[in-house]
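To start, the structure itself, in structure tokens.
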Amino acid sequence: MIGLKDKYKDYFKIGAAVNYRTVDTHKDLLIKHFNSITCENETKYDNLQKEENNYSFDHADRILGFAKDNNMFMRGHTFVWHNQTPDWVFKDATRDILLDRMKNHMTHVGKRYEKDFYCWDVVNEAIEDKGHMFYRKSPWIDIIGEDFMDLAFTYAKEILPEADLYYNDYNESNFPKRDKIYRAVKDMLDRGVPVDGIGLQCHWNIYSPSMDDFKRAMEQYAKLGIKIQVTEMDISLYEFKDDSKLDKPSSELISRQTALYREGFKILRDYKDIVDTVTLWGVADDETWLDYFPVKDRKNWPLLFDEAHEPKEALYAIMDF
Ligand code: G3I
């Protein structure tokens, strides 16, 4: 079997989220099938700068070393997010103080990896899921104001003129959130804010979104005229509100998952001119964040390789074209 990245060489890069352990434990799959890497946690604010001006780059550097040794691209994840950001960042912060902290962090981290990271998720998950609100409530917007995204992208472009700068979010295919994400990015572009791409996380499950909704979302985002990346794809075998536990996945559930991967990748291939990378949020089913979320210690099987690192039906399905 040829590598997934080789099958897709005329379409887009194929990425995986890794952590500082899986670059060892999953290295054979990574080297054969993937050519882009995202750190699952290691390049987030609280991993890099837990205390002010006290940076720890060891884990991120280890992952970067692996990527370089194997000629893989690296994406940066993420600068401005309400989650995994240490409390000190917001403590006693005025607008100016918080903007200063944002800029210092981007400068320190961004410059260190300037030659190595081809893109950054500059702002992550800033749009509200529920109908009546536009922005998600967070200390960033509370303290800085509604221009916090404009400023984040503007600083990032000054610091990293060569990197592609992304707005990244989940529930990207669902109405009305997809309209809000589109509008937020469109308005920034109209104001001249330097956004180079939109990151669609694609944390799906076998019941949602429908592929009609994904197609509509792609049609809409394509109108922005900027790059698209799928940044965190996986397909859970549970409906979001279901808290039951399975001992193992039935063949029926695996078939549904396979069909969604097949159809999702087919749609993505139709947009190959603007889709830059498709990243899976993990490598194989033995290590996935979905074993802890939304139900703690419940096994899930959301990826393209099984717990023994063997290809699943879904892998064959997305290579069958
Ligand atoms: O590092 C500590 C460890 O010291 C401690 O013993 C352990 C106890 O629970 O926790 C460890 O930290 C965990 C961390 O992952 C590293 O494993 C955190 O509790 C846990 O909350 C954290 O979860 C991460 C989650 O983001 C947090 O929001 C997931 O691994 C990571 O996959 C997930 O990734 C996010 C993307 O960044 C943004 N989009 C959604 C996606 C899924 O939630």
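The values are calculated or read from the model by the stated rules, or taken from the named source; none is laboratory data. Note that the structure is predicted; figures quoted are calculated from it, not measured. Cβ coordinates were reconstructed from backbone atoms using ideal geometry, including for glycine residues, and neighbour counts include every protein chain displayed. Note: accessible area is taken over every heavy atom of the protein model, side chains too, but ligands, DNA and RNA are not part of it. Shrake-Rupley method; radii C 1.70, N 1.55, O 1.52, S 1.80 Å.
Would you be able to say whether some residue in region 221-241 is among the acidic types (Asp, Glu) and without any contact (Cβ under 8 Å) to a residue 12 or more places away in the chain? No: zero hits. If you filter region 280-296 down to residues that are more than 11 Å from the ligand (Cβ to nearest atom) and of a type outside the set (A, V, I, L, M, F, W, C), you find that the one that is most open to solvent (accessible area, probe 1.4 Å) is 286. Checked against the criteria, residue 118 counts as within 15 Å of the chain's Cα centre (by Cα), surrounded by fewer than 22 Cβ atoms within 10 Å (Cβ to Cβ) and at pLDDT 95 or above. Pairs meeting the criteria (first residue in region 259-278 and under 20 Å from residue 36 (Cβ atoms), second residue open to solvent by 50 Å² or more (accessible area, probe 1.4 Å) and in a strand (DSSP E or B), beta carbons under 9 Å, at least 6 apart or on different chains) are 274/227; 275/227; 276/227; 277/73; 277/227. Taking the listed residues 180, 272, the one that is among the charged types (D, E, K, R) and open to solvent by 60 Å² or more (accessible area, probe 1.4 Å) is 272, with no other qualifying. When restricted to residues that are touching a residue at least 24 places away in the same chain (Cβ under 8 Å) and of a type in the set (Asp, Glu), region 297-321 contains 2.
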